[in-house]
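Visitor: One structure follows; several queries about it will come next.
Values quoted throughout were computed directly from the atomic coordinates according to the rules given, and no laboratory measurement underlies them. All of these numbers come straight from a predicted model, not from anything done at the bench. Counting neighbours? That spans all protein chains shown, and the Cβs are built from the backbone with ideal geometry, glycine included.
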Amino acid sequence: MKSLIRFAIAALFLTGMCFSQTAPKAKPATPTEPAAKAQPKEAPKETPKDVEEESVPAAAPNALFPAVVAKVNGKAVLGRDLEQLVRGELAKIGNPEWKNLRDDYRGQLTMGALTSLISTNLLYQKAAAGGVKATELEVQAEMQKISKSFESDAEMNAALASQQMDRAALQKKVTQQVVIAKFIDENVTKKIVVTPEEAAKYYTAHPSDFQHPDIVRSSHILIRPAGDTPEQDNLARQRAEAILARVQKGEDFAKLAKENSVDNSASQGGDIGFSSKESLAPEYANAVFSMPVGSVKLVKTSFGYHVVKVTEKKKEGLSTLEEIKDQLTVFLKDQKGQEELTKLVNQLRDQGKVEILIPAGQPLN
């Protein structure tokens, strides 16, 4: 389900799973997110059975937000889910205390994450109303990708419990994401076409976009520690070292990446394409830019342990249209897809009823 990777887990709209990792690659262009609407025009005539109101778990004693932070066509948006997204963003800047953040920054984080959750709910409700369903095989495949980053079931259960979740709640979230992915695939992705003429026109109009510094193409197998303890870190390092040894003995790198990596690039055999030094994590960049083509190495970054392979290098210069046409076509498809997805979500907001129940940036505690 390549479309699941391309649009359905796009950060613009979908709630990221709390166990996923970001590949060490260049940041993609992201369109401006539409602002959440507190009072859209009118409510839908009926709510599909799949999205009827259900019991809402109480907020934890130390929760940042109340149990319910918004409603989308009567369906509760949980404070627990909002906190997961907010804390995910705070983790990128060292996990500062919520109470120590500026009010305007708290508001920005809260409303950005809440907008994402609202968009997710709107898309899921639309998909469910249209009869889109996830098969057990599809859901289990996604669940396995998550569980693969843990050394044991007990570690995974503990991580879920720390976020007021269990496997049933996680599976429900994964199911919703698969449903949304299939809906977007059918209603957005498959309808997008980029012609060779469009690609050539963009290339001619944006020559500076194709000037590049020294760049390196690399692949990696990401092994992430299951937690923050030294023991868990040591287990991840040992596992990565064992995979490195297998690569050095001649086993197929792409096959090992598909079987072991917890990064989204696993489906491409670990390949993350060409990257500039500035677009990579510093430790990763220092390694790949100093390694000979064809060599492999173990590198540790804030994402975890990477078994890295350098496959190609290019000196500073201008990429030709022939060299860049495949990547350019993908970029233009993504651009068109994000534009269409924005239009679709805006339409769903206008047709539905969205109630925001918290003031931006104000914590429960």
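Visitor: Order the peptides 191-201, 275-285 from the highest to the lowest mean number of other Cβ atoms within 10 Å of their residues. All intermediate terms of the calculation are to be shown ahead of the outcome.
Guide: On the way: 191-201: 12.6, 275-285: 17.2.
Ranking, from highest mean packing down: 275-285, 191-201.
Visitor: Between Gln238 and Lys314, how many nm apart are label points set 7 Å from Cα along the C-beta direction?
Guide: 4.2 nm
Visitor: Between Glu355 and Glu198, what is the FRET efficiency for a Förster distance of 45 Å, r being their Cβ-Cβ separation, to the nearest 0.05?
Guide: Numbers: r = 41 Å, r/R0 = 0.91.
Computed FRET efficiency for Glu355 and Glu198 comes out at 0.65.
Visitor: Still on this structure: Checking the table Lys172/Lys353; Lys201/Lys314; Lys191/Lys300 against a 29 Å threshold on Cα-Cα, which pairs fail? Working shown, then result.
Guide: Numbers: Lys172/Lys353 23 Å; Lys201/Lys314 25 Å; Lys191/Lys300 41 Å.
In this structure, Lys191/Lys300 lie more than 29 Å apart at Cα.
Visitor: Roughly how many Å is it from the Cα centre of the stretch 196-263 to that of the stretch 275-333, as a whole number?
Guide: If we compute the Cα centre of each part, the gap is 8 Å.
Visitor: Which distance in nm do the two modelled labels at Thr135 and Asn95 give, with both placed 7 Å along the Cα-to-Cβ direction?
Guide: Each label point is offset 7 Å from its Cα along the Cβ direction, giving 4.0 nm.
Visitor: In the stretch 130-255, with Lys and Arg counted as +1 and Asp and Glu as -1 at Cβ, which of these residues, Ser152, Pro196, His212, has the Cα nearest the positive end of the dipole, that is, farthest along it?
Guide: Pro196
Visitor: Right, here's the next one. Could you give the size of the charge dipole of the stretch 263-365 about its Cα centre, using +1 on the Cβ of each K and R and -1 on the Cβ of each D and E, expressed in debye and rounded to the nearest 20?
Guide: Details: 13 positive and 14 negative charges, 42 e Å.
Around 200 debye, computed over the stretch 263-365.
Visitor: Shape of the stretch 143-280 from its Cα gyration tensor (a ≥ b ≥ c, root eigenvalues): rounded if a/c is under 1.5, otherwise prolate when a/b > b/c, or oblate?
Guide: Working: a/c = 2.42, a/b = 1.36, b/c = 1.77.
It comes out oblate by the Cα gyration axes.
Visitor: Going by average Cβ neighbours within 10 Å, how do the peptides 315-326, 89-100 rank, with the highest at the top? Write down the numbers at each step before the final one.
Guide: Values: 315-326: 12.2, 89-100: 10.0.
The peptides rank, most packed first, as 315-326, 89-100.
Visitor: Continuing with the same structure: Place the peptides 167-180, 211-224 in order of packing, highest mean first, counting for every residue the other Cβ atoms within 10 Å and averaging per peptide. Could the numbers behind the result be given before it?
Guide: Working: 167-180: 18.9, 211-224: 21.5.
With the highest mean Cβ count within 10 Å placed first, the list reads 211-224, 167-180.
Visitor: Between Val56 and Ser208, take the C-beta separation as r, use R0 = 51 Å, and let me know the FRET efficiency to the nearest 0.05.
Guide: Efficiency at R0 = 51 Å is approximately 0.50.
Visitor: At a Förster distance of 35 Å, what's the computed FRET efficiency of Lys297 paired with Asn346, Cβ-Cβ distance as r, to 0.05?
Guide: Working: r = 46 Å, r/R0 = 1.32.
It comes out at approximately 0.15.
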